[in-house]
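Notes follow once the structure below has been shown.
None of the figures in this text is laboratory data; all of them are computed from the coordinates on show. Computed from a predicted structure; not experimentally measured. Virtual Cβ from ideal backbone geometry, glycine too; neighbours counted across all protein chains shown.
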Amino acid sequence: MILAIASGKGGTGKTTVAVSLARVAAEDRSRDVRLLDCDVEGPNADLSLRPRISESRRTGQLVPVVNMESCSLCGRCAEVCAYGAISVLPDRLLILNELCMGCGSCVWQCPEGALDEELLRLGELREGAAGRVSFAQGRLDVGRARATPVIRELKKWQLRPDREGWYILDAPPGSACATMEALRGADAVLLVAEPTPLGLHDLALLVEGVREGLDIPMGVIINRSRGRDEKLEEFCLREKLPILGRIAFSREIASAGAEGKPLDEILPSIRGDWHRLLMAIETGEAP
């Protein structure tokens, strides 16, 4: 079971929910639980989970490099590049790595064999554990703009067919490419939303993106709920999104969360709710 936790904007409590769900899921010893922090531009699930890291590896993307002694400047590589990453100048080939998508077309179609590939480092992948929760995380290097390849490599490393159990993916906030890459392949998505105008606006964008691009079953967790969240409830009703849980607006929860304490430790009563939610997802009753 691959369960993704997403939000339309940052700061809604998405990571708080992901970490707490993983901890509660691991209380059932029949479950193998693995939490993947796919928010590679701002990874912070480790701050409250506190895993012991046992392995790290660099990750990146293959990009073309040219041997100018063999290059005839014929321009075939620039013709086949769909992303405008290659330009042919009078005396050299200009390759813009930040535009390259790593498809390899330029290398395969170079008539002179003047292009090869090398790994451009984009970030780091880390693996470890906190109790019975296995943990993995991607970290995008400072100054790099390509989060999607790092997320893709993290999932390829961790989501293995021979490894059964629960995968809980903490996706990047928003509705752009990095978020969609994290959600791709998930069995269900929990959308963590806050009952504010901005929260509702960004939730709507995310819901639209998931339905158009991925078509994955979705449900909503309302964070900072005041009990009656009319506009958010109306949106969920209109969009046929089940509300699967609420976390009350509480200064105590906010203060303890700011210190890195897991939600299920701050609010022990929520553990029963999480167990029931996980069981409903597992049996197909939700979302």
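For the chain, the longest principal axis of the alpha carbon atoms and the long axis of helix 147-158 meet at an angle near 70°. For segment 122-164, trypsin sites (Lys or Arg not before Pro) meeting the loop criterion (DSSP other than H, G, I, E, B) and having at most 14 other Cβ atoms within 10 Å: ARG163. For the residue pairs LYS155/LYS261; LYS14/LYS155; LYS14/LYS261, the alpha carbons lie more than 21 Å apart in LYS155/LYS261. A straight Cα-to-Cα reach below 19 Å connects LYS240 with the lysines LYS231, residues fewer than 8 places away in its own chain not being considered.
Cβ-to-Cβ counts within 10 Å put LEU203, LEU237 in ascending order as LEU237, LEU203, the fewest first. The trypsin sites (Lys or Arg not before Pro) found in segment 1-47 that occupy coil by DSSP, while having at most 10 further C-beta atoms within 10 Å, are ARG29. Cβ crowding within 10 Å ranks SER250, SER225, SER269, SER175 as SER269, SER250, SER225, SER175, fewest other Cβ atoms first. Over the C-alpha atoms of segment 68-113, the Rg to Rh ratio, Rh being the Kirkwood estimate, stands at 0.92.
Of THR15, THR148, THR196, the sequence from fewest to most neighbouring Cβ atoms within 10 angstrom is THR196, THR148, THR15. Restricting segment 223-284 to trypsin sites (Lys or Arg not before Pro) that sit in a DSSP loop and have at most 11 other Cβ atoms within 10 Å of their own Cβ leaves ARG226, ARG228, LYS240.
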